[in-house]
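I have placed the structure first, in the form of structure tokens, so that the comments after it can refer back to it.
The values are calculated or read from the model by the stated rules, or taken from the named source; none is laboratory data. Keep in mind that this is a model prediction, so the values were computed, not measured. FYI the Cβ positions are ideal-geometry reconstructions off the backbone, even for glycines, and counts take in every protein chain you see. Please note that ligands, DNA and RNA were not included when accessible areas were found on the heavy atoms of the full protein model with its side chains. Shrake-Rupley method; radii C 1.70, N 1.55, O 1.52, S 1.80 Å.
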Amino acid sequence: MSRVAVIPGDGIGPEVTEQALGTVASLGLDIEFDVLDHVNASTFLRTGSALSDADFRRVARGDSALLGAVGDPRVTSPEYARGVLLRLRSGLDLYVNQRPARLPHDDLSPLRDPAKRGIDCIVVRENTEGLYSGVGGALHVASGHEVAIDTEISTARGVSRIIDHAFGIARRSVCMVDKSNAVPSGGALWQRTWRSIADRHPDVVSWHLYADVAAMRLVSDPGEFDVIVTNNSFGDVLSDLAAEVAGGLGTAASINLNPGSGFALCEPVHGSAPAIVGTGTANPIGAILSAALLVGHLGHPAEAEAIRAAVDRAIAAGRRTPDLGGSLSTQQAGDAVRAEL
Ligand code: NAD
Ligand code: IPM
Ligand code: MN
């Protein structure tokens, strides 16, 4: 039996998580869910605590976790998202953030040239350091001559383990993305590490792009990418970009992973979408495909593939939420996937 902690979170998080849980439940697998629905922005506003130590331990005790989205317009401080999401990613040392972007149906692509629409890539984002490390501080705050410093950390261990992972999962190629033309120290470390790991994988095509050009190429020719490996902040931006060319942010899934401990936190790439919360129109596909990543990770690859195939068939049959040009509600779109399953 697998035990999975579930944090539905805020905004559309609970709405899409309900569909993801319903989809996994319909498979009849031996997975037990422990739902922490008190971990949300209202609790943070009331108590000042984002994720208590007891709740952190409760999540860590399970085999893996599933998250909807965190974020609320009433919360402006970054301490909330840092306290829940980044605490789980760092505290559980989930150093891989793997975000597949595969176009599920041709008519979802914004690309004009059909020859360029074979989109099936994976953004492998370093998940524990970079600009997200929280190292820095501010001086003379709000004085008119404030100094604010957020340090971008790249460590030999952090860079090598994420690039190693990227080569380990590559099907065809690995594209390393950095800004080594402008960011000297971290850039040199990423370059050196990438070259030496690439030498050990002569079977994998290894190439490099600067982050700005990678953004451009993800739009002009996304089909040329297999695995993209990059740091925390470039990975954040490029995974939203990849999601959009692969059919839309509402369909994008992710897994935060420590390959050593085996713990995984699966979550859609999108956020809590405050503008559409309560309208019943949130697309549940990103959450459902995140549940597929979870199910596959827990040792059920056939069921994971079955969910992905059911999603493709539901989309092909036009059973879609408004963001994909359809008129189904969140619930109906989830039902459509389960009917295909
Ligand atoms: P967002 O991803 O919530 O929304 C971006 C756009 O995509 C909006 O137009 C939204 O309506 C649309 N969208 C997102 N998910 C959708 C879905 N499932 N179906 C249909 N449309 C969808 O990004 P944002 O607006 O920048 O952020 C809102 C809040 O979410 C913020 O507090 C942010 O910090 C947080 N956030 C959380 C996560 C996470 O929990 N992993 C990720 C991103 C943003
Ligand atoms: C994501 C989100 C988070 C991030 C935010 C909410 C802190 O955008 O999961 O991509 O930047 O990592
Ligand atoms: Mn993001």
Problem set entry | Value at 222 nm in deg cm²/dmol, rounded to 500, when DSSP H runs of n ≥ 4 in the chain each add -39,500 (n - 2.57) | -11500 deg cm²/dmol
Problem set entry | Surface/4 estimate of mean projected area, convex hull on alpha-carbon atoms of region 250-300, nm² | 3.8
Seminar exercise, completed: One would report the antiparallel percent of DSSP beta bridges in the chain, rounded to the nearest 5, as 45
For this session: Please turn the phi angles of region 283-288 into ³J(HN,Hα) values with the Karplus equation 6.51 cos²θ - 1.76 cosθ + 1.60 (θ = phi - 60°), one per residue in order, whole Hz, x for glycine and proline.
Result: 6, x, 5, x, 6, 5
For this session: Report the dimensions of region 52-190 along its three principal axes from the alpha-carbon atoms, largest first, rounded to Å.
Result: 54, 42, 33
Problem set entry | Charge dipole (the chain, unit charges on Cβ, about Cα centre) - positive-most of GLY325, SER173, SER52 | SER173
For this session: Could you tell me which of rounded, prolate or oblate describes region 205-293, using a ≥ b ≥ c as the square roots of the eigenvalues of the alpha-carbon gyration tensor, with rounded for a/c under 1.5 and, failing that, prolate when a/b is larger than b/c and oblate otherwise?
Result: oblate
Seminar exercise, completed: In Å, the Kirkwood estimate of hydrodynamic radius for region 110-245 over Cα pairs equals 15.9
Exercise. Over what distance in Å are the Cα centres of region 102-123 and region 316-341 separated?
Worked result: 20
Seminar exercise, completed: Diffusion coefficient in µm²/s returned for the chain by Stokes-Einstein, Kirkwood Rh over C-alpha pairs, 10 °C and 1.306 mPa s, is 77
Seminar exercise, completed: So the carbon and sulfur contribution to the accessible area of region 206-266, 1.4 Å probe, in percent, is 61
Seminar exercise, completed: To the nearest Å², the heavy-atom accessible area per residue of the chain with 1.4 Å probe amounts to 42
Problem set entry | Net charge dipole size for the chain [Lys, Arg +1 and Asp, Glu -1 on Cβ; Debye, nearest 20] | 360
For this session: Sort the following peptides by mean Cβ neighbour count (other Cβ atoms within 10 Å, averaged over residues), highest first: 162-173, 14-25.
Result: 14-25, 162-173
For this session: Could you run the Karplus curve 6.51 cos²θ - 1.76 cosθ + 1.60 with θ = phi - 60° over region 109-124 and give me ³J(HN,Hα) per residue in whole Hz, x for Gly and Pro?
Result: 7, x, 7, 6, 8, x, 5, 9, 9, x, 8, 7, 10, 10, 7, 9
Exercise. Order of 130-137, 6-13, 146-153 by packing, highest average Cβ count within 10 Å first?
Worked result: 6-13, 130-137, 146-153
Seminar exercise, completed: In whole percents, the bins of 5 Å from zero upward hold the Cα-Cα pairs of region 1-133 as 2, 9, 16, 17, 19, 16, 10, 7, 4, 1, 0
For this session: Express the relative contact order of the chain as a whole percentage, based on alpha carbon pairs under 8 Å and six or more residues apart in sequence.
Result: 23
Seminar exercise, completed: Taking the reciprocal of mean 1/r across every pair of different Cα atoms in region 157-213, the Kirkwood radius in Å is 11.5
